[in-house]
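K.L.:
Okay, handing you the structure first.
The values are calculated or read from the model by the stated rules, or taken from the named source; none is laboratory data. None of these values were measured; they are calculated from a predicted model. Cβ: placed from backbone, ideal geometry, glycine included. Neighbour counts: every protein chain shown.
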Amino acid sequence: MIQMLEETTLPINSVKLLASSRSAGKQLKFKDQTITVEETVPDSFKGVDLALFSAGGGVSKKFAPEAVKRGAVVVDNTSAFRMDPEVPLVVPEVNEKALYAHHGIIANPNCSTIQMVVSLEPIRQKFGLKKVIVSTYQAVSGAGNRALQELRTETQDYLDGKEMHADILPTAGDKKHYPIAFNVLPQIDVFEEDGYSHEEWKMIHETKKIMAGDMNSKAIKVTATCARVPVPVSHSEEVYFEVEDAKNANVAGIQAALRNAPGVVLQDDPDHQIYPMPINAEGSRDTFVGRVRPDQEEDNAYHLWNVSDNLLKGAAWNSVQIAEHLDKLNLLHMQ
Ligand code: 2RA
């Protein structure tokens, strides 16, 4: 997030870095300045125009309203407010206009949702969208730094012929833990009563809220299966989608829509084995799309494969991009 702020076009005069008391006193760099991290208290937000939150839902619930009370606009990267009907859930390429309805807090969606809606929106605009079935292959960094360290340790242990030991994945919030190295885990976050994981629940309801304005909308049907793969950074997704305008839709038309879409890079040339891969997406703000092809059974259905850096477009960049769009629309008053 600091790196995205260093690169932003926002007119930033000064930056404060806030954290818990445990991290207070640490020093971090912003451009050529060294900034000391301060402990967050409600008055930390006095005089702050824009507050970016990414410290867990509990912290956001406690401090985001305090920041708003003191005049800041909050862009929240946690799930605390995503389903609040008063809080816009925004991916600028898709629903920038939802920003006009903000009351101080804007929610940044879940990483796996963001890259999917970025790749589906240009298709929806051209041909309409009825139904989506997505299967994800999500990077370990989505579960945090400790999970990434766990992947490294397990990989080394496996290569050294030692037993692998897991403490964190599939999710710190559940009872059992399994190695991610040389493995695939069909669980991201905890399971709901209906058998879907919470990550899958997020993909379904966030997509409906972003694309149809209501988390329970029936205008777009969505189903998701989310899996963790031993990739450090960048999520991949296979997306099956049904269009409304089956008569006019075809692969060339879908590719043309994607080629011209903001935030999308089309990498789709099977003859030359050109398609998106996580190792190439890391460090980019774009969502890479390829493997566009018709479904073999349904006349109105197609498939695509997308890959995006989950830490940038899936989190830090989308948050700062929201702030840039707030500023452009005059909804953020930078002093
Ligand atoms: C994950 N989507 O990849 C989550 C992070 N927000 O675990």
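K.L.:
Of all residues in region 178-204, how many are part of a loop (DSSP other than H, G, I, E, B) and without any contact (Cβ under 8 Å) to a residue 40 or more places away in the chain?
P.N.:
Taking region 178-204 as the starting set, the residues that turn out to be part of a loop (DSSP other than H, G, I, E, B) are 178-184, 186-190, 192-196.
Filter again for without any contact (Cβ under 8 Å) to a residue 40 or more places away in the chain, leaving 178-179, 189-190, 192-196.
Number of matching residues: 9.
K.L.:
Keeping to region 65-105, report how many residues are assigned to a loop (DSSP other than H, G, I, E, B), surrounded by fewer than 23 Cβ atoms within 10 Å (Cβ to Cβ) and among the β-branched types (Val, Ile, Thr).
P.N.:
2
K.L.:
Among the residues of region 226-275, count how many are of a type in the set (D, E, K, R), crowded, with 21+ Cβ neighbours inside 10 Å and within 18 Å of the chain's Cα centre (by Cα).
P.N.:
2
Matching residues to (1) touching a helix residue (DSSP H, G or I) at 6+ places or on another chain (Cβ under 7 Å); (2) under 24 Å from ASN77 (Cβ atoms); (3) not assigned by TED's automatic domain parsing to the domain that holds GLU150:
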{"position": "ILE188", "(1), (2), (3)": "yes, yes, no"}
{"position": "GLU192", "(1), (2), (3)": "yes, yes, no"}
{"position": "TYR196", "(1), (2), (3)": "no, yes, no"}
{"position": "CYS226", "(1), (2), (3)": "yes, yes, no"}
{"position": "HIS235", "(1), (2), (3)": "yes, yes, no"}
{"position": "GLU244", "(1), (2), (3)": "yes, no, no"}
{"position": "ALA261", "(1), (2), (3)": "yes, yes, no"}
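K.L.:
Would you be able to tell me the number of residues in region 205-251 that are within 16 Å of the ligand (Cβ to nearest atom) and without any contact (Cβ under 8 Å) to a residue 60 or more places away in the chain?
P.N.:
The total comes to 0.
K.L.:
Does ALA256 satisfy the condition of being in contact with a helix residue (DSSP H, G or I) (Cβ under 9 Å, 6 or more places away or on another chain) and either assigned by TED's automatic domain parsing to the domain that holds LEU89 or modelled with pLDDT of 95 or more (or both)? Full working, then the answer.
P.N.:
Values: in contact with a helix residue (DSSP H, G or I) (Cβ under 9 Å, 6 or more places away or on another chain): yes; either assigned by TED's automatic domain parsing to the domain that holds LEU89 or modelled with pLDDT of 95 or more (or both): yes.
In short, yes.
K.L.:
Out of all the residues in region 115-129, which are closer than 21 Å to GLY253 by Cβ and either at pLDDT below 95 or within 16 Å of the ligand (Cβ to nearest atom) (or both)?
P.N.:
Passing the criteria: MET116, VAL117, VAL118.
K.L.:
Okay, moving on. Just for region 155-173: of the residues that are modelled with pLDDT of 95 or more and within 13 Å of the ligand (Cβ to nearest atom), which one is surrounded by the fewest Cβ atoms within 10 Å (Cβ to Cβ)?
P.N.:
Looking at residues that are modelled with pLDDT of 95 or more and within 13 Å of the ligand (Cβ to nearest atom), I get ILE168.
K.L.:
Scan region 128-146 residue by residue and report those that are over 18 Å from HIS198 (Cα atoms) and touching a helix residue (DSSP H, G or I) at 6+ places or on another chain (Cβ under 7 Å). Give the derivation first.
P.N.:
Filtering region 128-146 for residues over 18 Å from HIS198 (Cα atoms) gives 128-131, 145-146.
Correct list: LEU129 only.
K.L.:
Contact list please: Cβ distance under 9 Å, first residue in region 113-128 and under 10 Å from PHE241 (Cβ atoms), second residue of a type in the set (Phe, Trp, Tyr), pairs at least six apart or on different chains.
P.N.:
Qualifying pairs under 9 Å: SER119/PHE288; LEU120/PHE241; ILE123/PHE241; ILE123/TYR302; ARG124/PHE241.
K.L.:
Filter region 30-60 down to the residues that are closer than 26 Å to HIS198 by Cβ, exposed (fewer than 14 other Cβ atoms within 10 Å of the Cβ) and not small (Gly, Ala, Ser) and list them by number.
P.N.:
Residues satisfying the conditions do not exist here.
K.L.:
Against the condition closer than 29 Å to GLU199 by Cβ and not β-branched (Val, Ile, Thr), how does SER23 come out, does it pass? Write out each step before concluding.
P.N.:
Details: closer than 29 Å to GLU199 by Cβ: yes; not β-branched (Val, Ile, Thr): yes.
So SER23 fits the description; yes.
K.L.:
To continue, here is another question. Looking at the structure I just gave you, is SER112 outside any helix (DSSP H, G or I), within 16 Å of the ligand (Cβ to nearest atom), among the small types (Gly, Ala, Ser) and in contact with a Ser or Thr (Cβ under 6 Å, 6 or more places away or on another chain)?
P.N.:
no
K.L.:
Could you please give the count of residues in region 174-195 that are surrounded by fewer than 18 Cβ atoms within 10 Å (Cβ to Cβ) and either within 11 Å of the ligand (Cβ to nearest atom) or of a type in the set (Phe, Trp, Tyr) (or both)?
P.N.:
Our first condition is that a residue be surrounded by fewer than 18 Cβ atoms within 10 Å (Cβ to Cβ); within region 174-195, this holds for 174-178, 182-184, 186, 190-195.
With either within 11 Å of the ligand (Cβ to nearest atom) or of a type in the set (Phe, Trp, Tyr) (or both) added as a condition, the list becomes 178, 182, 191.
Number satisfying all stated conditions: 3.
K.L.:
Select from region 135-154 the residues that are within 13 Å of the ligand (Cβ to nearest atom) and in a strand (DSSP E or B) and list them in ascending order.
P.N.:
Result: THR136, TYR137, GLN138.
Each row is one residue, and each column tells you yes or no for (1) modelled with pLDDT under 95; (2) within 16 Å of the ligand (Cβ to nearest atom); (3) not in a helix (DSSP H, G or I).
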| position | (1), (2), (3) |
| --- | --- |
| PHE288 | no, no, yes |
| ARG291 | no, no, yes |
| GLU297 | no, no, yes |
| TRP305 | no, no, yes |
| ASN310 | no, yes, yes |
| LYS313 | no, yes, no |
| SER319 | no, yes, no |
| ALA323 | no, no, no |
| LEU326 | no, no, no |
